[in-house]
Amino acid sequence: MSLKSQETIGANQRKITFTVDRPTFDKAVDKVYRRQVKSITIPGFRKGHAPRAIIEKMYGKEIFFEDAVNDCIPDAWDSVSGEITETMVSRPEFEVVTIDENGVELAATYFVKPQVEISDYVGIPVTRPAVKVEDAEVEAEIERVRMRNSRMLEITDRPAQTEDLVNIDFEGFVDGEPFEGGKAENHQLKLGSGQFIPGFEDQVAGHSVGEEFDVNVTFPEDYQAENLKGKAAVFKVKLNGIKFNELPVVDDEFARDVSEFDTLDEYKADIRKHLEEDHRKQADGKVDEELIDALIAKLEADIPECMFENETENQVRDYDNRLRMNGLDLKTYFQYTGLDLDALRKQMRPSAEKQVKTRLALERIAEKENLSVTDEEIEAEYGRLAEQFGMEADKVKEAVEREAIEADLKVKAAIELVREKASVTETEEAPAAEAPADAE
């Protein structure tokens, strides 16, 4: 097995030809024959016992060539791919050039990482939102904690009122006749929520558990049901139960119950500190986002399509893994969302393109700046990954090559350099609040 030639057939596409000697190929053909003869029937011979020469005479001597070539390719490719000095970014596509008395000549085409150039990455102008916390944000956080620590009380000693959660049976009538969708039992309704048509909830308020009463309302003119628009209706209502969500009083005792602090002032100060940290991270993220967009705009590269496709597939796999960690998978996700694999790929394609371009830009900056990492930094990164994935460091080292760790650290060093040398202008605009996890 030997390399015959290398050539450039496109900006980032290469082609090499290599050979498999005849004795090696003949061995592969014989191996394929022995593997396949068990399923070949030739008249005059027991199934699986036909001589190779007879089979080749009947079907042609090339009958075993295709599988033999496929068997030869892995070892042949391993023997010649070490001669490739550029970084491959696609799987090679193989083709047979010739098969003759000398053996097999094969060709492999593949894409390599593009040549990249980037300039003016020092002093990129960006804006950084001011890190400030309004009193209303602190109060909103306290209100969320109050809600988490509230308790639902059964009310029996007073009539229902706004903000109560009532349990009701009802049936609606228009012109004395019941209408479709106007009846329910044990329906939970929060008074004041506006869930029902105007006037309904107001008329439930003031009644006590066990009471039966009429509620008189008029459907809005823009009501969705055509037969009910603008119609007067009477609902026969029975009030089965009243509950009230009691919120704790915000005082020092509340602070001691929900935190490690003794006073409300200390608790508020801690909330403010954590909100400031969150705002700072959001501001830093906005700066990084602007820097990345600027680097991509400055990037000069003819990027092979396969790099975008590969990164899209990586993101799909990562998403599938995250779903599985939460007890789901892509199949279930598609059932819930109505998407399919192609639609998911389309959604992830912009992110994949940005990721590829960002990586290329930062790798080139690391090269131009001669950035390096120490053995200690590499060991620390292995330790961080081991802790993150709950593995032993040695197992991580077996799974992740040192060169990959070194490359990642250089990329991190490159973005840190760009960030440190950026021209940052502080603005009064506070960073936008992050979306809740469930919204994402």
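Where Lys and Arg each count +1 and Asp and Glu each count -1, what net charge lies around residue 136 among other residues with Cβ under 13 Å from its Cβ? So the surrounding residues net to -2. Pairs over the 20 Å Cα-Cα cut-off, from the set 368/410; 357/410; 354/421; 15/410; 346/410; 15/346: 354/421; 15/410; 346/410; 15/346. Extension gain for residue 399 to residue 314 (0.36 nm times residue separation, less C-alpha to C-alpha distance): 28.9 nm. When the square roots of the Cα gyration tensor eigenvalues are ordered a ≥ b ≥ c, the ratio a/c for the range 279-427 is 1.5 or more and a/b does not exceed b/c, which makes its shape oblate. For residue 276 and residue 98, the FRET efficiency from 1/(1 + (r/R0)^6), where r spans their Cβ atoms and R0 equals 51 Å, is about 0.10. Take the Cβ atoms of residue 3 and residue 57, set R0 to 25 Å, and the FRET efficiency comes out at 0.10. For the chain, the Kirkwood hydrodynamic radius comes to 30.5 Å, computed from all pairs of different C-alpha atoms. Between the residues 123, 85, 51, the greatest Cα displacement towards the positive end of the dipole of the range 1-140, with unit charges on the Cβ of Lys, Arg, Asp and Glu, is found for 51.
Just want to confirm a number: the relative contact order over the chain, from Cα pairs under 8 angstrom separated by 6+ residues, in percent. RCO, the chain: 17 percent.
Remark on the range 235-351: hydrodynamic radius 20.4 angstrom, per the Kirkwood mean of 1/r across alpha carbon pairs.
Summing charges over neighbours of residue 66, with a neighbour being any other residue whose Cβ is under 14 Å away from its Cβ, gives -2 when K and R count +1 and D and E count -1. Taking other Cβ atoms within 10 Å as a rough exposure proxy, 325, 391, 58, 348 sort from fewest to most as 325, 58, 391, 348.
The reciprocal of the average 1/r between distinct C-alpha atoms defines the Kirkwood hydrodynamic radius, which for the range 244-299 equals 14.2 Å.
Readers should treat all values here as calculations from the given coordinates under stated rules, not as data from a laboratory. All values reported here derive from a predicted model rather than from experimental measurement. Cβ sites come from the backbone with ideal geometry, for glycine too, and all protein chains shown count toward neighbours.
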